[in-house]
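Visitor: Before we start, here is the structure in question, set down as structure tokens.
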Amino acid sequence: MATIESPETLGLRPIHEFDEAQATWPRGDRPAAVREAADAFRARFKEQGQVRAVRTVDLVAAGYPTLFAFGGAARGINPYISILNRLVVVQFEDFEGTTRTLAWEPTVPEGSQEAPFYEQMLERYGQLAAKVFATYYNTVESALSLCGLRPDDVDYIAFDHLHVQDIRILMGTDDRPGFFPNAKHLAQSREVDTLRSTHPMQWAWYVPNGMDGIPEENLVLLDGDVELGPGLAFLWTPGHTDGNMSLCVNTPDGIWVSSENGVAADNWHPELSKIPGVRRWAKYFGREVVLNSNTLEDSIDQYDSMLKEKAVADANRVDPRWGNVFPSSELASFKRQWPIQPTFAYGGINYGRIES
């Protein structure tokens, strides 16, 4: 069977509020257009309702260059910080009223180590890399178990982008079963194309052959913004990668948006940052956000995508100065990376009750 290229057949609905803003030219006019489109989308999206439940579970903290995390703006002693990846489980009703389960960011560290960047880090530092640069909390299986789920309970899996992901482990291949036997993988078509044929500027972060042999009937190609059901959407947020997308979920505390366009609340709110260098750098260059910049596929697009995320997200209930823009891999607070500490940490989200 062929890859599913018409997600509408699964009940997913395209979002059109951002179409005109995304095409705005010249680029200097786009930020205002994005904010206007976000206002229209937010009103409609919130009116449709909320998801049934959301829960995050810590998976693994991995070493990551400070230089990339804040686009060269941060100043610290340790050249590496740690970013904490979390599994996000979302239960929602689709537009037909059927309860569905999404596993967002089900990262398997063994697969991530195959990406050239981390493979070379392991070769360079050996066991030191495993002990110092990685801290393990849960496997995807144990994380699901903490939510009361089994792998076969999951209907969909998705990532903001496919850096350091080996999809073969999750979806299986012709000669081995996948971890999620009943799930379909939702991904932007541009992201899948990139993994199939990477440019030298992209090479270090994609697992070689990471999608070879997967059952294509379980791969659903998306093209832009889509809604999965009331209260749940994927927003296309290109720039970090061509096929980058952000989780958008409506909860009792308002709308949350999650991606790896930034690694900390500081990236989206540099004017509030206490990380040395970040606030001053952003003010000097007149920038509202600071990019996570391990790949610079299109910095202007990434900048505008972060504005889109901020404009859609609600204010945080703990401290309304910060928006609910939740990094899919969030800067940890380990002492060894001082003074690069998050000024404000989200620490996960938890609403409702996940049911099997």
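Visitor: When the residues of region 291-318 are narrowed to those that are outside any loop (DSSP other than H, G, I, E, B) and among the hydroxyl-bearing types (Ser, Thr, Tyr), which ends up surrounded by the most Cβ atoms within 10 Å (Cβ to Cβ)?
Guide: SER305
Visitor: Oh, and also: Going through THR251, THR237, THR241 one at a time, which residue ends up being of a type in the set (Val, Ile, Thr), in contact with a His (Cβ under 6 Å, 6 or more places away or on another chain) and modelled with pLDDT of 95 or more?
Guide: THR241 is the lone residue from the list that is of a type in the set (Val, Ile, Thr), in contact with a His (Cβ under 6 Å, 6 or more places away or on another chain) and modelled with pLDDT of 95 or more.
Visitor: Which of the residues belonging to region 323-340 are buried (at least 19 other Cβ atoms within 10 Å of the Cβ) and in contact with a Ser or Thr (Cβ under 9 Å, 6 or more places away or on another chain)? Steps first, answer last, please.
Guide: Initial filter on region 323-340 (buried (at least 19 other Cβ atoms within 10 Å of the Cβ)): 323-332, 337, 340.
Result: ASN324, VAL325, PHE326, PRO327, SER328, SER329, LEU331, ALA332, GLN337, ILE340.
Visitor: I've got another one for you. For region 11-28, give me the residue count where each residue is out of contact with any Phe, Trp or Tyr (no Cβ under 8 Å at 6 or more places or on another chain), more than 13 Å from ASP304 (Cβ to Cβ) and either buried (at least 18 other Cβ atoms within 10 Å of the Cβ) or hydrophobic (A, V, I, L, M, F, W, C) (or both).
Guide: Residues that pass the stated criteria total 1.
Visitor: State which residue is surrounded by the fewest Cβ atoms within 10 Å (Cβ to Cβ) when the search covers only region 97-127 and only residues that are small (Gly, Ala, Ser) and in contact (Cβ under 8 Å) with a residue 24 or more places away in the chain.
Guide: Filtering region 97-127 for residues small (Gly, Ala, Ser) gives 97, 103, 111-112, 115, 126.
Next, from what is left, pick out any that are in contact (Cβ under 8 Å) with a residue 24 or more places away in the chain: 103, 111-112, 115.
Working: ALA103: 26, GLY111: 17, SER112: 21, ALA115: 22.
Among those residues, the one meeting the criterion is GLY111.
Visitor: List the strands (runs of 3 or more DSSP E) inside region 30-115, counting only whole elements, that have at least 3 residues being at pLDDT 95 or above, among the β-branched types (Val, Ile, Thr) and farther than 30 Å from TYR284 by Cβ. If you could, list the steps in order and put the result at the bottom.
Guide: Details: elements: 53-65, 80-93, 99-104.
Correct list: 53-65, 80-93.
Visitor: Give PHE92, PHE70 a once-over and let me know the one that is touching an Asp or Glu at 6+ places or on another chain (Cβ under 8 Å) and either in contact (Cβ under 8 Å) with a residue 40 or more places away in the chain or over 27 Å from LEU296 (Cβ atoms) (or both).
Guide: Numbers: PHE92 fails: touching an Asp or Glu at 6+ places or on another chain (Cβ under 8 Å).
That would be PHE70, the only listed residue that is touching an Asp or Glu at 6+ places or on another chain (Cβ under 8 Å) and either in contact (Cβ under 8 Å) with a residue 40 or more places away in the chain or over 27 Å from LEU296 (Cβ atoms) (or both).
Visitor: Now a separate question. What about ASP319, is it closer than 30 Å to ALA23 by Cα and either among the charged types (D, E, K, R) or without any contact (Cβ under 8 Å) to a residue 40 or more places away in the chain (or both)?
Guide: No: the conditions fail for ASP319.
The values are calculated or read from the model by the stated rules, or taken from the named source; none is laboratory data. Quantities reported herein were computed from a predicted structural model and do not represent experimental measurements. No Cβ is skipped: glycine too gets one built from the backbone with ideal geometry, and neighbour counts run over all protein chains shown.
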